[in-house]
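Quick notes on the structure that follows.
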Amino acid sequence: MSSDPFSPLASSAPLIVYLDYKSPYAYLALDPTYAIEDELRIEIDWRPFTLDIPSYLGSARLNQEGKVVENERTPGQWTKVKYAYHDVRRYGSLRGLIVRGTVKVWDSSLAGIGMLWAKEQGRAVFRAYSARVYERFWKRELNIEEAGVIERVLEEAGARTAGFQNYASGVGRALHDRIQRSAFDAGIFGVPTYVIDGQVFFGREHLPRIRWMLTGRSGAPPDIAYPDFPAERAAAGEIAKGQLPVVIDFKSAQAFLAIGPTCALADELGITIAWQPLVVTPWKVSAAPPSGDDRGARHRRFRADYLDRDIARYAADRGLAIGGPHRRTDSTLAALGLLWAQREGPSLARAYVERVFERYWRRNLDIEDEGSIVALLTEIDVPVSGFEAFVRGDGRTKLAQIQSELRDRGVFEVPTYLLNDDIFFGRQHLPLIRSLLSTRSALPQT
């Protein structure tokens, strides 16, 4: 039996997992989470969290030919949605999973109520039910908004179904809705979300750390990663001139945390990094606490607060105290300094990147001050004669061109890794990138 559902961050089980069947990212998280459950022989408290997607990502409806017939999304929201589907299909294909884009924003609450019914009948029923719902829904073969359909899936999964439809419209609906309210009020905003020892982790990239916590926290805590793919199925990637393009913004804490493991990967494989600056617009989140009925505003605040905590915990693993991770600094001058350093070769560009990030995030460098940038360039033996003119002329033209090209490719955040015509947002992709690169028999020389 599950614990009190009105304790969103506490359970008698060592791990709570919130899922939504209409989330492809939750679909990808299921098997690697099962693997931890089976390996460690633990109980997981599975709970439904029905996403209110229109409140934070807009809504749209497609016809059967895939053409948009209703659209309430901004271009930026469409970019994120398209990348998300591309990303889940990339990992899904490595595991033989089919993920077809949905034609509308579904109400998955009935499927979530079915989850509550199934899990009370044991692990085998829960898994059989979830497998059928996820697989058929993402093949567009299941209407999750019909109680009769959900009842038939439960029956196939081996569940007793007598009384389910009354449960779905009565006690089950009330339980589901109270779980949603209590979880959201506790700051849970997406799926998959893991809760262990009262700590919240959003996304399957945290499974390495969760496993580390469940097994006694022995050794150094692992970084975020998507390790759940069969390496033998990852096709080799081509890199022009042995370079891996990596998009960064010096004011991004996430980019800062990616620098160490990214450089380690480059050293391991003997490749160079082609750094590409992207001056990202900081998130606009109200300083006021979330309140009232504006779910979208509350969602954005919860997500921003969570990201602050998440950055802080992984930075602390490296002995870093990052304050104010969402800084509104103008990083243009630092980006221009990078373009200037690149003219002297990849080794000096890397030295520049490492020092700017380290000093800026330790509050020892003002990246909005041209004199500070010039001093750092001089320190690493980059000639600075002509830099002032570059900053005011050709440098800005080149930087604008790079920004335009990156955004045309669908790059909207940092760090982003560019591998041929593919893009990978976030350092959690480094295991797959390593596999794609290391499976090549040889790399072109720079």
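Observations on the structure shown:
- Reported count of residues in the range 410-426, each being part of a strand (DSSP E or B), under 17 Å from GLU205 (Cβ atoms) and of a type outside the set (Ser, Thr, Tyr), is 3.
- Just one of the numbered conditions (1) in contact with a Leu (Cβ under 7 Å, 6 or more places away or on another chain); (2) touching a residue at least 60 places away in the same chain (Cβ under 8 Å) is not true of ALA341: (2).
- Just so you know, in the range 109-141 the residues that are in contact with a Ser or Thr (Cβ under 9 Å, 6 or more places away or on another chain) and surrounded by fewer than 18 Cβ atoms within 10 Å (Cβ to Cβ) include one that is farthest from LEU28 (Cα to Cα), and it is GLU120.
- Listed here are the helices (runs of 4 or more DSSP H) enclosed by the range 266-364 that have at least 1 residues being over 23 Å from GLN77 (Cβ atoms), in contact with a Cys (Cβ under 8 Å, 6 or more places away or on another chain) and at pLDDT 95 or above: 346-361.
- Of the helices (runs of 4 or more DSSP H) lying entirely inside the range 113-221, those containing at least 2 residues that are in contact with a helix residue (DSSP H, G or I) (Cβ under 9 Å, 6 or more places away or on another chain) and closer than 19 Å to GLU37 by Cβ are 123-137, 207-214.
- Residues in the range 364-383 that are closer than 30 Å to LEU320 by Cβ, touching a residue at least 12 places away in the same chain (Cβ under 8 Å) and surrounded by 11 or more Cβ atoms within 10 Å (Cβ to Cβ): 11 in all.
- Residues satisfying the criterion are absent from the range 153-163 (criterion: surrounded by fewer than 22 Cβ atoms within 10 Å (Cβ to Cβ), of a type in the set (S, T, N, Q) and under 22 Å from the mean Cα position of the chain (by Cα)).
- Checking the range 343-358 against the condition returns a match, with at least one residue being surrounded by 15 or more Cβ atoms within 10 Å (Cβ to Cβ) and over 29 Å from ALA315 (Cα atoms).
- The range 135-148 residues that are over 10 Å from SER108 (Cα atoms), paired with ones that are of a type in the set (Val, Ile, Thr) and in a loop (DSSP other than H, G, I, E, B) (beta carbon under 6 Å, 6 or more apart): PHE137/ILE144; TRP138/VAL99; LYS139/ILE98
The values are calculated or read from the model by the stated rules, or taken from the named source; none is laboratory data. Fair warning: this is a prediction, and the values are worked out from it, not measured in the lab. Cβ: placed from backbone, ideal geometry, glycine included. Neighbour counts: every protein chain shown.
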